[in-house]
Amino acid sequence: MSKVNERTGARLAVVQALYEMEISGKGVLDALAEFEAFWIGQEIDGVAHPAADAAFFRDLLRGAVEEQRAIDPQVDRALSQGWPLKRLEAVLRAILRAGAYELMFRRDVPARSAISEYVDVAHSFYTGEEPGLVNAVLDKVAREVRPSELALPDTKRG
């Protein structure tokens, strides 16, 4: 499996781990151990969980948790007024936190690529409007934290 596909697997696993941690109250170390031992690259109840870049998975999970105090206000500002992150469903919260972590703290990952990856992750869980919400929110976050990377060419000049 290619490194790119293993990063995709890591992103999917991180979202699942963040969700699991929120629901169960587990800490990062327990979630890391459980996902690396029993989920990543395994088949569970007929569902194949993709292989994942383990170092990338660990960084994303630890980072999303450790930087949550910086991430949540950034995501809240990108959400529609009156819909703070805490009002969203837990899987959606996990997707937005992981995506925002990558945009804010993993400058080695191109912003457009990170946004696209998390929209794809959202499609793994949702068939409705949620992937569009993920795209819109992460795009707003990216424009705030990486403005030069997402700057649109000025078409008014000519």
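The values are calculated or read from the model by the stated rules, or taken from the named source; none is laboratory data. All values reported here derive from a predicted model rather than from experimental measurement. All Cβ positions, even for glycine, are placed from backbone atoms using ideal geometry, and neighbour counts span all protein chains on display. Surface areas here come from the heavy atoms of the whole protein model, side chains and all, with no ligands, DNA or RNA. Shrake-Rupley method; radii C 1.70, N 1.55, O 1.52, S 1.80 Å.
Given the peptides 17-30, 133-146, 57-70, arrange them by the average over their residues of other C-beta atoms within 10 Å, most packed first.
133-146, 57-70, 17-30
Need the full-extension length gain, residue 89 to residue 129, defined as separation in residues times 0.36 nm minus the C-alpha distance. One decimal, nm.
Full extension from residue 89 to residue 129 adds 13.1 nm.
Per-residue accessible area for residue 80 at 1.4 Å probe radius, Å² rounded to 10?
80 Å²
Suppose each label sits 7 Å from its Cα in the direction of the beta carbon; what would the residue 55-residue 30 distance come out to in nanometres?
Taking the simple label geometry, residue 55 and residue 30 are separated by 2.9 nm.
Report the residues of region 99-125 in range of a label on residue 143: point 7 Å along Cα→C-beta, backbone N strictly under 16 Å from it.
Those under the cut-off are 111-112, 115-116.
Which percent of the Cα-Cα distances in region 72-158 go past 22 Å?
Summing the P(r) tail past 22 Å for region 72-158 gives 24 percent.
Which three semi-axes in whole Å describe the equivalent ellipsoid of region 3-148, each the square root of 5 times a Cα gyration tensor eigenvalue, listed largest first?
23, 16, 15
If each residue of separation counts as 0.36 nm, what is the full-extension length gain between residue 150 and residue 22 once their alpha-carbon separation is subtracted?
42.9 nm
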